[in-house]
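Since the structure comes first, as C-alpha cells, the remarks are kept for the end.
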Amino acid sequence: MGFETDAIVIGAGAVGLATGRAFALRGHETLVLEAQGAIGQGISSRNSEVIHAGLYYPTGSLKARLCVVGRQLLYAYLDKYHIAHERCGKLIVATEPHEAARLEAIFRQAEANGVEGLQRLSGEQARALEPELQATAAILSSTSGVMDAHGYMANMAGEIAALGGAVVVNTPFAGATPLEGGGFVVRTGGEAATEVTTRYLVIAAGLGAQPAAATIDSFPAEKIPALHYGKGVYFTCAGKAPFRHLVYPLPIPGALGTHYRRDLGGQARFGPDLDFVEAPDYTVDPARAASFYDTIRRFWPGLKDDALVPDYAGIRPKLHGPGEPQTDFRIDGANAHGIAGLIALFGIESPGLTSSLAIGDEVVRRLVD
C-alpha cells in the first residue's frame, strides 16, 4: 500500500529533529510532530548546553559510542552552519588527595572510549590554567565545549523543511495502530486532530516517551521501562565568570554532579544537582543554594556569600531511581517490542544533546539501511 508519508517522528527536541533530518537526508518524506507550540521546549531547552567529550560512560555502551561520534558530527555541523559554540575545554577536578584514584579511573575510561585530547594535570598545572581553582589534580578534556542549543535545533528544523519534510507544532501524538503488512496509522490530537499513514514511526518524546509508547496498539506494556523524574536546578553567579574552562567535580551517584560553565554570553552558571521528584516541577527553591555553596567552594573557595541567584530547572527522563546505577540509552526496535518499523527511544538524557546527530543516524540505519 502507499503511505501518506515515509516517516513520522514524535517529539521536536534535539534528538527528534536530528532523527527527522537523518530521514530527510536519505530522501524520505518526514513529519516531526510536536505537542508544544514551538520546537525544543522540553529537555532540550533545560540543560547545560554542554558538548560532552564522552569521558565517563561504560565502554561499548550506546552513551560511550554515540557521544564520541555525535560530538565529532556536532562540531562539524556547528562549524558548517556558523551556529554559536565555544570549544572551551573541561577540567575534571579532584579537590582532595583521596580522590586521585577516581580521577585516574575516569581518565582510563575516557581513553578506552576513544576520547581525544586528554591530558593529566597536577594541581599546580590546573591552577596555571585557572588561578582561582582549588584542585589537587585534574584532567583536561580539550574537546568539551558549550553551544547554542536553540540555534542548533532551529537550523535542523529548517533543513527538514528544505528537504521536503515538515515540523508540525501544536500537534500532540494520540496513538498509533500497526497495519497488517507494515506501516502505521498515526493519530494526532489538538485542534486539527487527524490520522496519517506512515511506513516508519519513531518515538523521541523525552519525558513523554513512555506515555507515547503506551498509546501504540500492541506495544507490550512490560517492554515500557519505568520513568523516573530526575530534577536538577541551576543557579547563576553575580559578577565576572571565574573560569574560562568548564569545571566538573567528580561524578555523584546517578549524575555528573553540580558543575560550572561560562555560557556563550559570559554568564557563570552552576548546576544541575539531582533530586528525584514524583512529577515534573520547574520551580527553583532558593534554599537549595546552601548545598551549591558547599559543592562549589570545594573547587572555587573564592565564591562569595549571597552570590548565587536561582536560575532555572530541568527534568531528566531517568530509567533508574535513587541509589540505582546509571543506565544506558534505550533505542528499542522490533527485537525489543516486536513491532516492525517502530523505534522507541527511552532514557535519552545527558549526553543526548551531544549525541543527537549520531542517535538520529543510528535510528534511521536500524530502520532503513
Completion exercise
The condition of being closer than 29 Å to G183 by Cα and surrounded by fewer than 17 Cβ atoms within 10 Å (Cβ to Cβ) holds, among R102, R87, R26, only for R26
Problem - Filter result for the condition that a residue is modelled with pLDDT under 95 and open to solvent by 30 Å² or more (accessible area, probe 1.4 Å), over G189, G181, G164 - result: G181
Exercise for the section: Output the number of residues of the stretch 329-358 satisfying the condition of being in contact with a Ser or Thr (Cβ under 7 Å, 6 or more places away or on another chain) and either at pLDDT below 95 or under 17 Å from I8 (Cβ atoms) (or both). Expected result: 1
Exercise for the section: Might you check whether a residue that is in contact with a strand residue (DSSP E or B) (Cβ under 7 Å, 6 or more places away or on another chain) and part of a loop (DSSP other than H, G, I, E, B) occurs anywhere in the stretch 355-365? Expected result: no
Practice task
Go over the candidates D311, D369 one by one and state the one that is open to solvent by 50 Å² or more (accessible area, probe 1.4 Å) and over 26 Å from L66 (Cα atoms).
Solution key: D311
Problem - the stretch 323-337: number of residues that are open to solvent by 40 Å² or more (accessible area, probe 1.4 Å) and either farther than 21 Å from V233 by Cβ or over 20 Å from the mean Cα position of the chain (by Cα) (or both) - result: 8
Practice task
Could you please give the count of residues in the stretch 43-94 that are over 21 Å from G271 (Cβ atoms) and aliphatic (A, V, I, L, M)?
Solution key: 10
Exercise for the section: Determine, yes or no, whether R316 is open to solvent by 20 Å² or more (accessible area, probe 1.4 Å), closer than 29 Å to P97 by Cα and not in a loop (DSSP other than H, G, I, E, B). Expected result: no
Exercise for the section: Of the numbered conditions (1) within 30 Å of L33 (Cβ to Cβ); (2) in contact (Cβ under 8 Å) with a residue 60 or more places away in the chain, A221 fails exactly one; give the number of that condition. Expected result: (2)
Exercise for the section: Please indicate, with yes or no, whether at least one residue in the stretch 35-49 is open to solvent by less than 10 Å² (accessible area, probe 1.4 Å) and farther than 25 Å from V233 by Cβ. Expected result: no
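The values are calculated or read from the model by the stated rules, or taken from the named source; none is laboratory data. What you see is a predicted model; the values in this text were computed from it and never measured. Neighbour counts are summed over all protein chains in view; Cβ atoms, including those assigned to glycine, are modelled from backbone coordinates with ideal geometry. Calculation scope for accessible area: heavy atoms of the full protein, side chains included, ligands and nucleic acids excluded. Shrake-Rupley method; radii C 1.70, N 1.55, O 1.52, S 1.80 Å.
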